[in-house]
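All remarks here apply to the structure that follows.
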Amino acid sequence: MSARPFIHDNFLLASRAARRLYHEFAKPEPILDYHCHLSPRDIAENRQFANLFEIWLAGDHYKWRAMRANGVPERFCTGDAAPVEKFKAWAATVPHTLRNPLYHWTHLELSRYFGIDDLLDSSSAKRIWDVANERLAAPEFSVHGILKKFRVTTLCTTDDPADDLRHHAATVRSGLETRVLPAFRPDAALTVHRPEAFNAWLGRLAETSGSEIDSLSALLEALRRRRDFFHDYGCRVSDHGLDRCYADPCPDAEAAAIFDAAFRGRPASPQDHAKFASFVMLFLGRLYAERGWTMQLHLGALRNNNTRLFGQLGPDTGFDSIADSAQTAALGAFLDRLDAENALPRTIVYNLNPADNYAFAAMMGNFQDGSIAGKMQLGSGWWFLDQKEAMEWQINALSNLGLLSRFVGMTTDSRSFMSYPRHEYFRRVLCNLLGRDIEAGEIPDDDALLGPLVRGICHGNARQYFNLL
């Protein structure tokens, strides 16, 4: 048995060139976490986690899916089992995750947070639980301590327009060195097919915007005011989680009629929902362009497929999948409409179906306009694609059809403060891929050429692209 730990200095780096690129150029770069779902409240309150379950397992649907596949009863995933028992159930599952990215992430996170190099399984579970919990009690493992440890310069949370951003204000007052900025997530504005939820959200938006919202024009004005409010808090990024891109023609009068029906409690048909979503997304794109924001589109999730368990447990509990709907033409039509009005903002498109990599990468190239380097971005591997193989697919598609040197790099899309080693994982994958090209003689072995490329992808490109200088 090798004495070298599984997670070692040259983990995932299969060549001398890859090791040099990583250690000299990628590793020293700080982190700009431009899209995540971390809790603004936890940041503002500088949360100290009580145990490894709280910081690592709670809310992690990646782990729940693996545990269910391993025959673990639901009470140890989302149920009422004690935290230590849930951790033990996860530990017993880990050996079965070999060749799943969870095996890499698990051991990378244990190593980088706690200096634990043991492999996690049933025999090591108690020891790892005790050591990690003891270290979590130290001040440097508070939320602020973690952000400092991983050199996070800026992070953008994901916030509803109806949010009052009081936790962001409290974070500013706290003196935290990391800049914590909101991101604008107005998905609820599209939900005219679910009028009960739509109208409840309108009520919250009306309260925070200080105006009654009983018409389409009132909704649009409220969204404009909330954009300005978010902008004053440093927001420069929006985010949209869409099953697909919407680009159905919808005149103002028709959009107003669809709003009125939903406001009165009548659900929009699928056709009317698509029209209304198209109308609102175009309006929002124009808002973002006015203020120089970046629009992020997360496309291609097929959500809540297990209706029985969705009914019991609710959304974001591990029952989502990859959709295979055709949407490249709609994406092109949506971008073209904004471009024709000179109202196309910086845009990052994340696709969840790897079959769309080349189609989306090619579409981004149609709307690069020379005003901003890398204005249109094929986003990094996301959700089911944020692992080694799919990261390489995304990098290859971008390299072949665009400019890898302008790529803004990794996004964790994370809900966990234990996820920052995902940036290291991405950087190792990137450098290994470049090292492989060097070894094959396909790109020059030239640090003056490759060093700036690696540093830019790891941090510098995002810093410039998002206007966060």
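The values are calculated or read from the model by the stated rules, or taken from the named source; none is laboratory data. It should be emphasised that the depicted structure is a prediction, and the values quoted were computed from it without experimental measurement. Cβ atoms come from the backbone with ideal geometry, glycine included; neighbour counts cover every protein chain shown. Heavy atoms of the whole protein, side chains included, go into the accessibility calculation; ligands, DNA and RNA do not. Shrake-Rupley method; radii C 1.70, N 1.55, O 1.52, S 1.80 Å.
Summarising the label geometry, the points placed 7 Å from Cα in the beta-carbon direction at I372 and E45 lie 3.6 nm from one another.
Going by average Cβ density within 10 Å per residue, which order do the peptides 320-329, 250-259 take, highest to lowest? Walk me through the intermediate numbers first.
Details: 320-329: 15.2, 250-259: 16.7.
Order by mean packing, descending: 250-259, 320-329.
Ratio of alpha-carbon Rg to the 2.2 N^0.38 Å globular estimate for the chain, to two decimals, please. Working shown, then result.
Numbers: Rg = 22.6 Å, N = 469, 2.2 N^0.38 = 22.8 Å.
Taking N as the residue count of the chain, the ratio is 0.99.
Restricting to DSSP H runs of at least four residues, report the calculated mean residue ellipticity at 222 nm for the chain, -39500 (n - 2.57) per run over all residues, nearest 500 deg cm²/dmol. -14000 deg cm²/dmol, from helical runs alone.
Remark: the stretch 2-58 is approximated by an ellipsoid whose semi-axes, taken from the C-alpha gyration tensor as √(5λ), come to 32, 19, 9 Å, largest first. Computed on the Cα atoms alone, the convex hull of the stretch 175-218 gives a volume of 109 cubic angstrom per residue. Size of the stretch 302-363: Rg and Dmax of its alpha carbons, in Å, are 15.8, 46. In terms of packing, defined here as the mean over residues of other Cβ atoms within 10 angstrom, the peptides 336-343, 239-246 line up highest first as 239-246, 336-343.
Taking all protein chains into account, the per residue accessible area for the chain stands at 42 Å² (1.4 Å probe).
Would you kindly calculate the translational diffusion coefficient of the stretch 310-461, applying Stokes-Einstein with the Kirkwood radius from alpha carbon pairs, for 10 °C and a viscosity of 1.306 mPa s, and quote it in µm² s⁻¹ without decimals?
Values: Rh = 17.0 Å.
The Stokes-Einstein estimate is 94 µm²/s.
At full extension, T328 and A440 could sit 36.9 nm farther apart than now, given 0.36 nm per residue minus the alpha carbon distance. Within the stretch 381-418, list the chymotrypsin sites (Phe, Trp or Tyr not before Pro) lying in a DSSP loop whose Cβ has at most 11 other Cβ atoms in a 10 Å radius. Filter output for the stretch 381-418: empty list. The charge dipole of the chain, taken about its Cα centre with unit charges on the Cβ atoms of Lys, Arg (+1), Asp and Glu (-1) only, comes to about 860 debye.
Working note: Cα atoms of the stretch 20-84, range along each principal axis, descending, whole Å: 45, 33, 21.
Rounded to whole numbers, the Karplus 3J(HN,Hα) couplings from phi for the stretch 274-286 are 4, 5, 5, 4, 4, 4, 5, 5, 5, 4, 5, x, 5 Hz, using 6.51 cos²θ - 1.76 cosθ + 1.60 with θ = phi - 60°, and x at Gly and Pro. Taking a Cβ cut-off of under 13 Å around D324, the surrounding Lys, Arg, Asp and Glu residues balance to a net charge of -1, with basic ones at +1 and acidic ones at -1. Take the Cα of N10, step 7 Å toward its Cβ, do the same at E140, and the gap between the two points is 2.8 nm. With respect to the chain, whose longest principal axis is taken over its alpha-carbon atoms, helix 328-340 is tilted by about 60°.
The distance linking the stretch 1-61 with the stretch 344-380 is 27 Å (Cα centroid to Cα centroid, whole angstrom). Calculated on the alpha-carbon coordinates, the convex hull of the stretch 55-146 measures out at 96 cubic angstrom per residue.
Rounded to the nearest Hz, the phi-derived 3J(HN,Hα) couplings of the stretch 105-115 under the Karplus curve 6.51 cos²θ - 1.76 cosθ + 1.60 (θ = phi - 60°) are 4, 4, 7, 5, 5, 4, 5, 6, 8, 10, x, where x marks glycine and proline.
With the charge dipole of the chain set up from +1 on Lys and Arg Cβ and -1 on Asp and Glu Cβ about the Cα centre, the Cα lying farthest toward the positive end among the listed residues A301, W383, P354 is that of W383. Helix 388-401 and the longest principal axis of the C-alpha atoms of the chain enclose an angle of approximately 60°.
Overall, the accessible surface of the chain at a probe of 1.4 angstrom is composed of carbon and sulfur to the extent of 49 percent.
If I take R0 = 25 Å and measure r between the Cβ atoms of E24 and K148 in this structure, what FRET efficiency does the formula 1/(1 + (r/R0)^6) give, to the nearest 0.05? List each step's numbers first, then the result.
Values: r = 24 Å, r/R0 = 0.94.
Taking R0 as 25 Å, the efficiency between E24 and K148 is 0.60.
Once you list every other residue whose beta carbon is under 14 Å from the beta carbon of L313, what net charge do they have if Lys and Arg are +1 and Asp and Glu are -1? Within the 14 Å Cβ shell, the charges total 0. Which of the residue pairs K149/K388; K27/K149; K275/K375 have a Cα-Cα distance greater than 20 Å in the structure shown? Among K149/K388; K27/K149; K275/K375, the Cα-Cα distance tops 20 Å for K149/K388; K275/K375. Taking amide hydrogens as placed 1.01 Å from N in the peptide plane, the amide H of G318 sits under 5 Å from that of no residue at least 5 positions away in sequence or on another chain. Each 5 Å bin from zero up to the one holding the largest Cα-Cα distance in the stretch 184-242 carries the following percent of pairs: 4, 18, 29, 27, 17, 5, 1. Semi-axes of the equivalent ellipsoid of the stretch 261-314 are 28, 19, 10 Å, computed as sqrt(5λ) over the eigenvalues of the C-alpha gyration tensor in descending order.
Considering every alpha-carbon pair of the stretch 93-182, the percent of pairs per 5 Å bin, from zero through the bin containing the longest distance, is 3, 12, 17, 17, 14, 13, 12, 9, 4, 0. Computed from backbone phi with θ = phi - 60° and the Karplus coefficients 6.51, -1.76 and 1.60, the 3J(HN,Hα) list for the stretch 86-92 is 5, 5, 4, 5, 5, 4, 5 Hz; x is used for glycine and proline.
If you count, for each residue, the other Cβ atoms within 10 Å and average over each peptide, how do 67-79, 454-466, 43-55 line up from highest to lowest? Mind dumping the intermediate values first?
Numbers: 67-79: 16.4, 454-466: 21.6, 43-55: 18.8.
Most protected by this proxy first, the peptides run 454-466, 43-55, 67-79.
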